[in-house]
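Here is the structure we will look at, set down as C-alpha cells.
The values are calculated or read from the model by the stated rules, or taken from the named source; none is laboratory data. Remember, predicted model here, so these are calculated numbers, not experimental data. Virtual Cβ from ideal backbone geometry, glycine too; neighbours counted across all protein chains shown. Calculation scope for accessible area: heavy atoms of the full protein, side chains included, ligands and nucleic acids excluded. Shrake-Rupley method; radii C 1.70, N 1.55, O 1.52, S 1.80 Å.
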Amino acid sequence: MSAISSSVREAADSAEHELPRVVTELPGPASRALFERMDPHMTGANADHTLVPLVEARKRGHLVEDVDGNTFADHMSAWGASPFGPTPGDIRAAMVDAWDAHGMQISGWVPNLPALQLSERLAQIAPGRLTRVEYSVTGTLAVEAAVKFMRESSGRPLVLTFGGQYHGESTYLTAGASSDLSNVTSMRAQYVAGVVTVPYPNRFRSPFLNGPGPFDDVAVLDYLENYVLVQQIHPEQIAGLLIEPVLGEGGVHIPSQAFWDRLGALAKRWGWLVCLDEVQTCMGRCGEMFAMQRWEGIDPDLILLGKAFAAGGQPIAAILGTDEVLERTQLHLGSTYGFTPAACAAALAGIDKIEAGGVLENVRALESIFLDELAPALADIEQVGEVRAAGALAAIEFVRDGETLRPAPRFQVAVHQAALRRGVLGITQRGKWHYRLQPALTMPPEVFRDSCERVVDAIREVAAAPPVERPTVLESVADEAR
Ligand SMILES: Cc1ncc(COP(=O)(O)O)c(C=O)c1O
C-alpha cells in the first residue's frame, strides 16, 4: 500500500465524526473559477450548478470537502452507491487484489474465481426461491434485462409498472418508469409500447380522493383490478410486474402489508412474474439486506441489485432469479465492462461487511433519529406534509398548505439550498416536492442527528418566507426542466 493511500485513509478515519463547516458563499471563489473554465465545454445540464454549487476536492469520513475548504455532511452517498463513505480499506484491498490478478476481464465469457464466488454467495443470501444470478454494469441495464427475462419466460408482452418509479434513463425505461416528464424526457412522452402503469401506492396523497390522508393504499389495486384489467388490457397479456419495494426517487413511499398481500394474490391468480427493483434499496439501505424483508410473504421471481451492491468499488449490478426464469434462458446480456473480477471482489467484500454486523443496526438507528426526533421537530410547520423513512432512505414532503396538500416544489429546492448553506448536501431534484437524505449506512448517529438539526433550521428559514409556487405541478416541472 502506498504512503499516499495510507495517509488518505488515516485522514478519512479521523474525519469519521467530524461535523461540516461552510466558510464561503456558495459557490466559493475557487469553485466559481473552475465552473467558468469548464462550462463552455459542458452540456447545458452539466453546466447548471444551482443545485450543487461546489467542486468536490475530496471526501473525508462522512464529509464532502470542496475546493474552497467548505465541508458538507454527505447525505447523497453517490446516490446510494457509496454505502460505507469513502471506500473502506478491506473493500479496496479485495478489489485491488482481483484487479492485480485479472485486470479487465469479461466474466460472462471467461469465468473466474471472484465472479463464481460472488454468485455462490448471492445464492446463499438471496431470499425465497431465488437461486440464480446474472450480472450487468448498471441498474438501468439490469432492469432492461429483467424485462427481457420476464417476456422470454412468460411468452407475454406487457410489463406492469407503478407511476413515480425510477428505473434509469434509457428511452425504454423513462417511458416504463413514467416517473415524470421532467428533464429525463425533455418534457415529452417517450412512446414506447408494452408498458402499463398504475399509480404507486401512496398513503399520503391519493389520485382517487382529496384531502389529507392517511389513505388506504390498496385503493390502487382496486383501480387496477376493476378498471385497468377490465377496460384496457387482459391480465393474461401481462408478463410480470416491475416494482420498487420502497419508492426511492419518487419520494420514499412505503407500501402497506395489505398492499403486498393483495398484489401477491393478484400475481398468483394471473401468472404474473414479480420483479422487485431493489437497485436503490438493497444491501442494507432500508435496514434489512433486501428491503422486501420489511414485510411478510413477498415472493419475488426476480430481484434487481445495483448501487450499494458495488460496495463503493466498481460498477456492477445483478439480477437474481428463480430456476424457472433463469435456468434455461439463452438470452445474452453482454457488455464489454460487464462484471469485472475486481467489481465482483468488491461486491463480495461488501456483503461480508454487512454480514459482519453493526451496519444494519446503525441504519435502524438513523431511521429512528429521522422519525422520532426530526419529524416531531417539524410538526408545527404547515408546509411539511409528511416525513418518511425506510432505514437510511429518508424524505420530507412539502406542501403549499395542510388542507389541499398541493405540492410545493420550489419550497423543496429552497430547503435544499438553505441546508447546503448550513453544510448539508442532500438529494434534491427540480420539480419534485420531497427533499431526501441518503447518508452512508455507516454514518455515526451523532453526525446524522446534527445534520437533521441543520435541516430543521433550513426548513424554518424557508417557511418564514415561502417562495411563490407555479399554479400547477405540471408548470413547475416544465419550468424547472428548462
Ligand atoms: C430503483 C432504481 N432502479 C434503477 C436505477 C438505475 O440505476 P443506474 O443509475 O445504475 O443505471 C436507479 C437509479 O437511481 C434506481 O433508483
Exercise. Could you say whether any residue in the range 184-201 is in a loop (DSSP other than H, G, I, E, B), at pLDDT 80 or above, buried (at least 18 other Cβ atoms within 10 Å of the Cβ) and of a type in the set (Phe, Trp, Tyr)?
Worked result: yes
Exercise. Based on what the data block shows, is Glu278 away from the ligand (no atom under 16 Å from the Cβ) and charged (D, E, K, R)?
Worked result: no
For this session: Return the total of residues in the range 155-177 being under 16 Å from the mean Cα position of the chain (by Cα) and modelled with pLDDT under 85.
Result: 4
For this session: Mind counting the residues in the range 386-410 that are under 26 Å from Ser368 (Cβ atoms), at pLDDT 95 or above and outside any strand (DSSP E or B)?
Result: 2
Exercise. Which residues, taken from the range 315-334, are out of contact with any Lys or Arg (no Cβ under 6 Å at 6 or more places or on another chain) and either aliphatic (A, V, I, L, M) or open to solvent by less than 40 Å² (accessible area, probe 1.4 Å) (or both)?
Worked result: Ile316, Ala317, Ala318, Ile319, Leu320, Val325, Thr329, Leu333
Exercise. In the range 393-425, how many residues are touching a strand residue (DSSP E or B) at 6+ places or on another chain (Cβ under 8 Å) and either in the same structural domain as Gly248 (by TED's automatic domain parsing) or of a type in the set (A, V, I, L, M, F, W, C) (or both)?
Worked result: 14
For this session: Return yes or no: is Ser107 polar (S, T, N, Q) and either free of Cβ contacts under 8 Å to residues at least 40 places away in the same chain or in contact with a Ser or Thr (Cβ under 9 Å, 6 or more places away or on another chain) (or both)?
Result: yes
Exercise. Can we say Ile369 is assigned to a helix (DSSP H, G or I), touching a helix residue (DSSP H, G or I) at 6+ places or on another chain (Cβ under 9 Å) and under 18 Å from Arg436 (Cβ atoms)?
Worked result: yes
Exercise. Within the range 330-343, is even one residue within 16 Å of the ligand (Cβ to nearest atom), out of contact with any Ser or Thr (no Cβ under 8 Å at 6 or more places or on another chain) and either more than 21 Å from Val246 (Cα to Cα) or of a type in the set (Lys, Arg) (or both)?
Worked result: yes
Exercise. Among the strands (runs of 3 or more DSSP E) confined wholly to the range 221-316, which include 2 or more residues that are over 22 Å from the mean Cα position of the chain (by Cα) and in contact (Cβ under 8 Å) with a residue 12 or more places away in the chain?
Worked result: 238-243
Seminar exercise, completed: Scanning the range 326-350 residue by residue, those closer than 19 Å to Ser82 by Cβ and not in a loop (DSSP other than H, G, I, E, B) turn out to be Ala342, Ala343, Cys344, Ala345, Ala346, Ala347, Leu348, Ala349, Gly350
Exercise. Residue check: is Asp217 surrounded by 14 or more Cβ atoms within 10 Å (Cβ to Cβ) and either within 15 Å of the ligand (Cβ to nearest atom) or assigned by TED's automatic domain parsing to the domain that holds Arg294 (or both)?
Worked result: yes
Exercise. Is it the case that Leu54 is under 30 Å from Val198 (Cβ atoms) and touching a helix residue (DSSP H, G or I) at 6+ places or on another chain (Cβ under 9 Å)?
Worked result: no
For this session: Filter the range 424-482 down to residues that are open to solvent by 30 Å² or more (accessible area, probe 1.4 Å) and among the polar types (S, T, N, Q) and give me whichever is modelled with the highest pLDDT.
Result: Thr442
Exercise. Can you find a residue in the range 64-77 that is β-branched (Val, Ile, Thr), modelled with pLDDT under 95 and in the same structural domain as Val424 (by TED's automatic domain parsing)?
Worked result: no
Seminar exercise, completed: Only one of (1) over 23 Å from Gly248 (Cβ atoms); (2) surrounded by fewer than 19 Cβ atoms within 10 Å (Cβ to Cβ) does not apply to Ala349, and that is (2)
Exercise. Within the range 364-374, can one find any residue that is open to solvent by 30 Å² or more (accessible area, probe 1.4 Å) and hydrophobic (A, V, I, L, M, F, W, C)?
Worked result: yes
Seminar exercise, completed: When the range 48-96 is checked residue by residue, the ones that are surrounded by 18 or more Cβ atoms within 10 Å (Cβ to Cβ), under 17 Å from Gly426 (Cα atoms), within 22 Å of the chain's Cα centre (by Cα) and of a type in the set (A, V, I, L, M) are Val52, Leu63, Val64, Ala73, Met76, Ala81
Exercise. Got a number for residues in the range 117-159 being farther than 20 Å from Thr281 by Cα and either open to solvent by less than 10 Å² (accessible area, probe 1.4 Å) or within 16 Å of the ligand (Cβ to nearest atom) (or both)?
Worked result: 4
